[in-house]
Each structure stands twice: as structure tokens, then as C-alpha cells.
1. Among 266, 38, 60, which one moves the most in a GNM of the chain with springs linking Cα atoms closer than 10 Å?
2. Determine the principal axes of the Cα atoms in region 146-265, then give the extent along each, sorted from largest to smallest and rounded to whole angstroms.
3. Using a 1.4 angstrom probe on heavy atoms only, work out the carbon and sulfur share of the accessible area of the chain in %.
4. On a 0 to 90 degree scale, rounded to 10, what angle separates helix 291-300 from the longest Cα axis of the chain?
5. Mind pulling up the Rg/Rh value for the chain? Radius of gyration and Kirkwood radius, both on Cα.
6. If you build the convex hull over the alpha carbons only and average its shadow over all orientations, what do you get for region 194-284? Give it in nm² to one decimal.
7. At what distance in angstrom do the alpha carbon centres of region 238-268 and region 178-212 lie from each other?
8. Once label points are set 7 Å from the Cα along Cα→Cβ at both residue 90 and residue 123, what is their separation, rounded to one decimal in nm?
Amino acid sequence: MTVVAEVEAAPARHGLLRYAATKVGGALLSIAMVVVATFFLFRMLPGDPVRALAQGRNMTPEQLDLERARLGLDRSIPEQFVHFVGQTLRFDLGTSYEYKRPVLDLIGERIGPTLLLTGTGLVMAVSLGIWQGARAGWKPGSRFDRFSTAVSLVLWSVPTFWLGLLLLMVFAAGIGPIPGLFPTRGISSVDAPDGFGYVLDVAQHMVLPCLTLVAVVYAQYLLVMRSSVLDEVEQDYITTARAKGLKDDDIRRKHAVPNALLPTVTLVFMRIGFVVGGAVTVEAIFSWPGLGQLFYQAIRVPDFTLMQGTFLLITVSVILMNTLADVIYHVLDPRVRSV
């Protein structure tokens, strides 16, 4: 029996490897296209980096030309592109015009706060979306279903920057009888204590940006989970479980929800990169010292190398997470393997 099982499992392994290789090849092609698009996209932005960096300094035209040569902006666009591709292949994202430091070092310093904010927001959004979606899908048309679906769709439709500014104005600055309850900017206070006091201070600074991120993200998990549970409710095993006299809550928690989780789990991996990219607006509004704020500051100069590096990191993370989601879905769902 063992030999037969191994023989039957071999084609499945080969099929998985072929599928994974196809997806990885597609991801590499997408990354190559992103590298090309990243370079030319930011060259279309208005503004001269040299003149922006020279503001407030009395620099002669000759000095401006020397600065432009130092930054490599005196070369032709094809020469700059070849240089950029060569650097990228060596995992060298260049040196920031404004900070005069390697872009990789700046990203390394800022990626921690971004992962803290987006990771916390993603866990909260997924948990809230799965819980509400499971309850709403189990009893479609109920008051809870109508209310939770309506609220999530409204929040999903609200622009992120508008919701962030509204929360900032009401709960940070204070309005009318509502006092300012939370900090307006940053990741911690200047006089934050050490130890557990510092953790509490960071948590207080995270409330509004994290709430903004969760509000505009959790609806998609709710809707996918609700749709999956609706499909499971119509299955024969649910009818059989009810005929056996099992409690409705037990059927939902132990049978329907686990079977309905697959599309949501796949969506989580697919949306990780998008959540990181969506943090750009939130970090800019709340002055959160992460990749989003770094990218926003780079656009204002414009700092080509810094924009290219941060944008490349965000888009590559989206591509890799989508590829991982496809492979995981192929592994977990036997129906996909037979296609």
C-alpha cells in the first residue's frame, strides 16, 4: 500500500512543482516589467530634484550643474536606465538625493514601524471580517447581516485620507465636547518612559492610524467570508448535521466556518502587499515614521532613487504575496489541482 500511495502521490508533486514554477516565472516577468515601469514612471513627474534640494542656498548655475553631475542626472535617460537596472540586479537601490544615504539603509530603518502598523491592522481586519462574515452568512437577511454589511461597505467606499483626517480632527485635536484623546502624530512621545510605559505610549499612538487602516480593509474579508459561508449553508453535510440534532452554533463553528475559510485565507496573502501599499496615505496623515511617509517625502523633492526603491519594494511584495497565495490555494484546494 505504501508503494502504491507513493506512486499516486508522485504525479501530484510534479503537478505542484510545475504549477509553482509557472507562477514563479510569471512573477519574475512581472517584477521585470515593474523595474522598467518604476524608472520611467517617476521621470514623468514635474520638478527638478537639484533645484528642490538647492532651495534656500545661493548656488550658481555652475554649482547646480556640478550637483546634477554628482547625482548622475546629467546623463541621458537610456544611460540612467541602464545604470538603474544594473544597480537593481546587484540589489543596490542607490543613494538618496535628500538624505545622502543608501536607500536600503533608509528602508531598513523605516520597515519596522510599517510592519508594526500594517501587521496589527491586518490581524484586526482579518479577525473582524471573518467573525462578522461568518455570522452574517449564517443568517442572511438578519438584522446583524444587513447592519454589518452596510457599515463595512460604507467604510470601504470612504477615501482613506478623508477618514484619517476625520479621526484626526475629532479624536486627536478634539472637537466640541469631545476632547483630544489620542496623539496627533508620530510613533511615540518625546518624553516617553522606558519599558512597559513605552509600549503603552506606542500603542496609544497606533490607535487612530490602525483604526483607519482596519476600517477601509476589513470589508473585503467580511464579504468573502459571508459569501463562502452562504455556499456552505446549502451543502448536504449541514442538513445532515442539523438532522442529527447538533446545535446551530456548533455546526457553524466546527463545520461551516473551517470549510469556508479557504478563500479568505488566500485573500489574506493576496492583500498583504496591498495593505503595505495602502499604508502610504495613513502614514502620511498621522506622520507615522514608516515606508509610507518615506515615500511621501521622496515624492515632494522629488528624490528619484528613494521613490524607486520604496515603490519597487512595495510592488514586489504585492507580486510575491499574490504568487504565494496562488500556490497555497493550489495546495489546500484539491479542486484546483485537477484543473
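1. Its mean-square fluctuation being the largest, the pick is 60.
2. Sorted largest first, the three principal extents are 62, 35, 27 Å.
3. The computed percentage sits at 65.
4. Approximately 40 degrees, to the nearest ten.
5. Value, to two decimals: 1.06.
6. Average projection, Cα convex hull of region 194-284: 8.4 nm².
7. 39 Å
8. So the label points at residue 90 and residue 123 sit 4.0 nm apart.
The values are calculated or read from the model by the stated rules, or taken from the named source; none is laboratory data. Keep in mind that this is a model prediction, so the values were computed, not measured. Quick reminder, even Gly has a Cβ in these numbers, built from the backbone with ideal geometry, and neighbours come from all protein chains shown. In case anyone asks, the SASA skips ligands and DNA or RNA and just uses the protein heavy atoms, side chains included. Shrake-Rupley method; radii C 1.70, N 1.55, O 1.52, S 1.80 Å.
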